[in-house]
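Below you'll find the structure, written out as structure tokens, and then a few comments.
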Amino acid sequence: MGYRAKRLLDFGRGLRESRAMLERERWGRERLEAYQRERLAELACFVRERSPFWRERLPSGPVRLEELPVLTKDDLMGSFDDAVTDRRLRLADLLDHLDRIEGDALYLGEHRAMTSSGSSGRKAVFVYDRTAWAHCCAMYLRRSAWVGIRPRLPRVRLAMVWGASPTHMSRRGAASLNVGVHHLCPLSVTQPLPQLVARLNRFRPAHLSGYPSVLARLADEQLAGRLQLDLETLTTNSEPLTPALRERFETAFGVNPYDFYATTEGLYGHDCEERSMHLFDDMCIVENVDADGEPVAPGEVGAKLLVTSLFNRVQPLIRFEVTDMVAVDPEPCACGRSLMRLRSLEGRAEEVLELGGVSVHPLQFGLVTADPDVREFQVVQRGDGLRLRVALRDGAGDAPARLQARLSARLEELGVERPVVEVETVDALERTAGGKLQMVVAGRT
């Protein structure tokens, strides 16, 4: 069977599964947690029989997640060949495949391999078979349904400004979903801004999604009249959506944006109609824990997530460490869904800066985003000081001095004594291979 036939079959499977997901998210919480336990027991039984790594790591009886060790990226990559359940898969072969990959190529005719974006500084390889990938497609179709995007005639026009790397999950997802049900216009974040504007004006999408840093530049073009879009929905992903950016997008495009959360590891989430983020925890069990791996109370910000994928059996991830910091909201959402609800999404633990004994979280830099003269920025830690690298709009004038004063004042409010802040103006900021803008670079240089 050729690639196109496989892609169409997998899309059909994903569409059916998405309908089951839409029904499942309306279950009561008790029923949903029972479903998680059933799927976990099935997963444990499957991987014990097929993976030497997991045979040693999992007990022979019932699995209690809190009693299992945490799986780090180093653990995963160091034991890759023994951890996968398809014994044909070898890390060296997959890395060679990724070095030569073109388009949405399948490894051995049935596996999609990709790398993490590396925003945490440690790259990893993740692999999905066709069954698991159909579930990824289903989660994307679920979030599409949440914003009113469903197959219809005439076809919905969707534009996506996503990752540039062929090994990035967003590129693979866009390619495998492009079966003709919707009219898609995939664009790369590395394309020059005038090209993006021209393509979007020609395509005239009803729905647009992309990284906030790129959408912010498109919002400027829309406000200047060079971009002329009449959107029904706008969706951001992969970078923080600050209140200031949300307001800017609503001003420019006339719609309140949705935020889409997706990891290469397979944990997805999305804003509901109440603009409350829900994690798709019918597909992954999520534990919000502190730095020592102990559960944090609802409403408190954890140091990391421990994610157990209930659908990827070819590369089992059980209590896999994801360094996103979130606070879980224990209150039910007005939308009626029982999926885990987040009170806040604070960014990555690696992006928390330690300045003079004070922890400075990435969201504190929202004041830079809110400045009308800033197109994009990056905060780089240099010893006990910060360098704020900013790309400014034309006519910014005194913006560097204003930003230096405001950021210094904010750090003082947080308890940093005599903060050192330098401002460097640049034409543009570098992006990762996946096209993301790394807003905060921690560490000493």
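The values are calculated or read from the model by the stated rules, or taken from the named source; none is laboratory data. Computed from a predicted structure; not experimentally measured. Positions of Cβ are generated from backbone atoms using ideal geometry, with glycine treated the same way; all protein chains shown enter the neighbour counts. Please note that ligands, DNA and RNA were not included when accessible areas were found on the heavy atoms of the full protein model with its side chains. Shrake-Rupley method; radii C 1.70, N 1.55, O 1.52, S 1.80 Å.
Taking the accessible area of the chain, probe 1.4 Å, and keeping the other protein chains in place, the carbon and sulfur fraction comes to 48%. Of all DSSP beta bridges confined to the chain, the antiparallel ones make up roughly 60%. Restricting the calculation to Cα atoms, the stretch 293-441 yields a radius of gyration followed by a Dmax of 18.5, 56 Å. Kirkwood radius for the stretch 280-370, taken over all pairs of different Cα atoms as the inverse mean of 1/r, rounds to 14.5 Å. Normalised by residue number, the volume inside the convex hull of the Cα atoms of the stretch 226-333 is 131 Å³ per residue.
Packing order of peptides 144-157, 177-190, 301-314, highest average first: 301-314, 177-190, 144-157 (average count of other Cβ atoms within 10 Å over each peptide's residues). Quick check: Cα centre of the stretch 125-196 to Cα centre of the stretch 1-63, how many Å? With the stretch 125-196 and the stretch 1-63 each reduced to a Cα centre, they are spaced 22 Å. Considered as an equivalent ellipsoid built on the Cα gyration tensor, the stretch 352-440 has semi-axes of 21, 16, 10 Å, the largest given first. Here the ratio of the Cα radius of gyration of the stretch 79-146 to 2.2 N^0.38 Å is 1.22. Ratio of Rg to Rh for the stretch 39-156: 1.03 [Cα atoms; Kirkwood radius as inverse mean 1/r over pairs].
Taking every alpha-carbon pair under 8 Å whose residues sit at least 6 apart, the stretch 326-445 reaches a relative contact order of 26 percent. Per-peptide packing, taken as the mean over residues of other Cβ atoms within 10 Å, places 58-67, 389-398 in the sequence 389-398, 58-67 from highest down. Give, as a single signed number, the net charge of other residues whose beta carbon lies under 15 Å from the beta carbon of Arg130, with Lys and Arg counted +1 and Asp and Glu -1. Charge balance near Arg130 sits at +3. Three semi-axes describe the equivalent ellipsoid of the stretch 109-189; taken as square roots of 5 times the Cα gyration tensor eigenvalues and ordered largest first, they are 24, 15, 11 Å. Once the C-beta distance of Ala409 and Asn201 is scaled by a Förster radius of 41 Å, the resulting FRET efficiency is 0.50 to the nearest 0.05.
Roughly speaking, what % of Cα-Cα pairs in the stretch 175-277 are separated by over 19 Å, rounded to a whole number? Value for the stretch 175-277: 43 percent of Cα pairs lie more than 19 Å apart. Excluding ligands, DNA and RNA, the accessible surface per residue across the chain is 42 Å² with a 1.4 Å probe.
Put simply, the convex hull of the Cα atoms in the stretch 318-399 casts, on average, a shadow of 9.0 nm². Near Arg246, once Lys and Arg are set to +1 and Asp and Glu to -1 for all other residues with Cβ below 13 Å from its Cβ, the sum equals -3.
In the stretch 392-442, the inverse of the mean reciprocal separation of distinct Cα atoms equals 13.1 Å; this is its Kirkwood hydrodynamic radius. Taking every lysine pair in the chain that is 8 or more places apart or spans two chains, those with Cα atoms closer than 26 Å amount to 6. For Leu392, neighbours were defined as the other residues whose beta-carbon sits under 14 Å from its Cβ, and their charges (Lys and Arg +1, Asp and Glu -1) total -3. On the principal axes of its alpha-carbon atoms, the chain has extents of 65, 55, 47 Å, going from largest to smallest.
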